[in-house]
Amino acid sequence: MKLITTGGVPIPDSEPVVFLGPWCENQKKASDGSWQFDGYATPDKRADLEQQSREISESIFPDLASALNELHGRDTPNEFWSRTIKLWLEIFTDVVYQRWDCITEAISTASFTSAAQVTTRRSQLTPKTRLEIQRLINSHEWNHLIFGEILDFLQFPQEEPGVGEFVSHSNHLKSKHFNPKRGLIKRLASWLNNALARRAKYIITQTYLPRKVEIRLAIRLRTLPFKWEDVALDDVEVDNELRGRVQIKTSESRDAEQFIRKIISQHIPMLYIEHFQKVSESFTKKTLPSHPTTIFTSNLHMASEQFLMWMSHKALGGTRLVIGQHGGVHGMTKFDSQEFRHEMQIANSYLSWGWPSSTNSSVVPSFALINANNGDRRNAPSSLRSTLLFVVDSTYRYPSPNRGINGPLVQYLNNCFAVT
């Protein structure tokens, strides 16, 4: 019996197969006798897996930080790497460990002759930044690569690679409403803002406060909201020779940690390998604030990994970081997400949506900043007070990081309907 690990794989009609999870497509085309492995962990097991993956990432992190310092000829403190690449490491370790558990349980449950294998475009599956991993972990092609690497590591028989049926990811489309004149005005306004902000003690940027409120706050602090702009990352090829110099210690054991240690150098975001020198040098060339005492943001540290790098350098010099809650399910779910724990670790002060913390003194109960200065909601028209607009979140078809939306789409939607 053959194992099918992901979608995008041709389904044989000559023999029954086992599908690893509900994310495998075209199951109705399979021969009689085919069946599907559940694939998803129960909530309690999911919590255990995440705890185990955190222990693995904590074990790997010092070696990764040391390897990156050696690669780039630096002596950067681990505190910097903890504020930057460690979040990616925790997410990557978590999702890979879930796949390790899923497939090892499957191959111990049934007797397989082999696993179906198709070619993947390996060079296109290395993320430029941490943000791209959110897209990759939901794609058939990236998952097929990871499952294939696990099976290869375990010396499990795999077929000769065939041709995959993967969808190419298109580039973002430019807005049809783009106005060059308006764009020029925005760039000029940003330049004027930053000319003042770069000399200020306080950096205020993407706070989620309403624009007028944010401007008034900045003026009271004798500055203006700072406008960040990332350095353009060139479309360079993945440098396998450079990545081969990222030496992470391994042993001969065949456990999950050794597997992750073996493959990690090929999956590190390009920002920390191929683009690291260019981005680091840009911090001294750009007209950035020199010696801010405080940086206040609610989203930019998540939206721009380059900003996170610059902010982390400033934190090493004593700059305080104030982070406002920007959404998600922070503080409201049984299991905290990696992003939430990361914010708790790096913030000197964290402005929550009203909830306190008995374990973290940096948490300051506040309100949803986007609602600042919006008045008493009880004065809203009665027609609006009796109406509930329910906006559902995106979900994942493959096992994903904990964000309160794990599991199959149908299960998530049923949970939403139960609330309403």
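The values are calculated or read from the model by the stated rules, or taken from the named source; none is laboratory data. Owing to the predicted nature of the structure, the values given are computational and were not obtained by experimental measurement. FYI the Cβ positions are ideal-geometry reconstructions off the backbone, even for glycines, and counts take in every protein chain you see.
In this structure, is GLU229 among the acidic types (Asp, Glu), in contact (Cβ under 8 Å) with a residue 12 or more places away in the chain and closer than 20 Å to ALA65 by Cβ? Against the criterion (among the acidic types (Asp, Glu), in contact (Cβ under 8 Å) with a residue 12 or more places away in the chain and closer than 20 Å to ALA65 by Cβ), GLU229 does not qualify. Flag set for LYS45, criterion: in contact with a helix residue (DSSP H, G or I) (Cβ under 9 Å, 6 or more places away or on another chain), at pLDDT below 95, closer than 23 Å to THR109 by Cα and in a helix (DSSP H, G or I). Beta carbons closer than 6 Å, at least 6 apart along the sequence or on distinct chains, pair a first residue in segment 294-306 that is under 11 Å from ALA347 (Cβ atoms) with a second that is assigned to a strand (DSSP E or B) for ILE295/ILE203; ILE295/LEU321; PHE296/ILE204; PHE296/VAL322; SER298/GLY324. Which members of segment 250-285 meet the condition of being of a type in the set (Gly, Ala, Ser) and either closer than 19 Å to THR76 by Cβ or within 19 Å of the chain's Cα centre (by Cα) (or both)? Passing the criteria: SER265, SER280, SER282.
Being in contact (Cβ under 8 Å) with a residue 60 or more places away in the chain, surrounded by 16 or more Cβ atoms within 10 Å (Cβ to Cβ) and among the small types (Gly, Ala, Ser), is that true of even one residue in segment 28-38? Quick ask: steps written out before the conclusion?
Initial filter on segment 28-38 (in contact (Cβ under 8 Å) with a residue 60 or more places away in the chain): 37.
If we keep only those that are surrounded by 16 or more Cβ atoms within 10 Å (Cβ to Cβ) too, we end up with 37.
Next cut, among the small types (Gly, Ala, Ser) only: none.
No, segment 28-38 has no match at all.
For LEU288, state whether it is within 30 Å of GLY73 (Cβ to Cβ) and at pLDDT 95 or above.
Working: within 30 Å of GLY73 (Cβ to Cβ): yes; at pLDDT 95 or above: no.
No, not satisfied.
On the stretch given as segment 5-30, residues that are closer than 16 Å to SER114 by Cα and outside any loop (DSSP other than H, G, I, E, B) total 3. Residues in segment 196-222 that are touching a Pro at 6+ places or on another chain (Cβ under 9 Å), of a type outside the set (A, V, I, L, M) and part of a loop (DSSP other than H, G, I, E, B) were compared, and the one that is farthest from LYS186 (Cα to Cα) is LYS201. Checked across segment 307-322, the condition of being within 28 Å of ARG99 (Cα to Cα) and surrounded by 13 or more Cβ atoms within 10 Å (Cβ to Cβ) holds for no residue. Among the residues making up segment 141-170, those that are within 18 Å of the chain's Cα centre (by Cα) and crowded, with 17+ Cβ neighbours inside 10 Å are GLU141, TRP142, ASN143, ILE146.
Say we look at segment 336-361 and pick out the residues that are small (Gly, Ala, Ser) and surrounded by fewer than 18 Cβ atoms within 10 Å (Cβ to Cβ); which of these is modelled with the lowest pLDDT? Here the residue is SER358. Identification of helices (runs of 4 or more DSSP H) wholly contained in segment 74-145 with 2 or more residues that are touching a residue at least 60 places away in the same chain (Cβ under 8 Å) and either of a type outside the set (Gly, Ala, Ser) or outside the structural domain of ASP63 (by the TED database) (or both) yields 78-83, 85-109. Looking at this structure, is ASN138 under 14 Å from the mean Cα position of the chain (by Cα) and not small (Gly, Ala, Ser)? Here the answer is yes, as ASN138 does meet what is asked.
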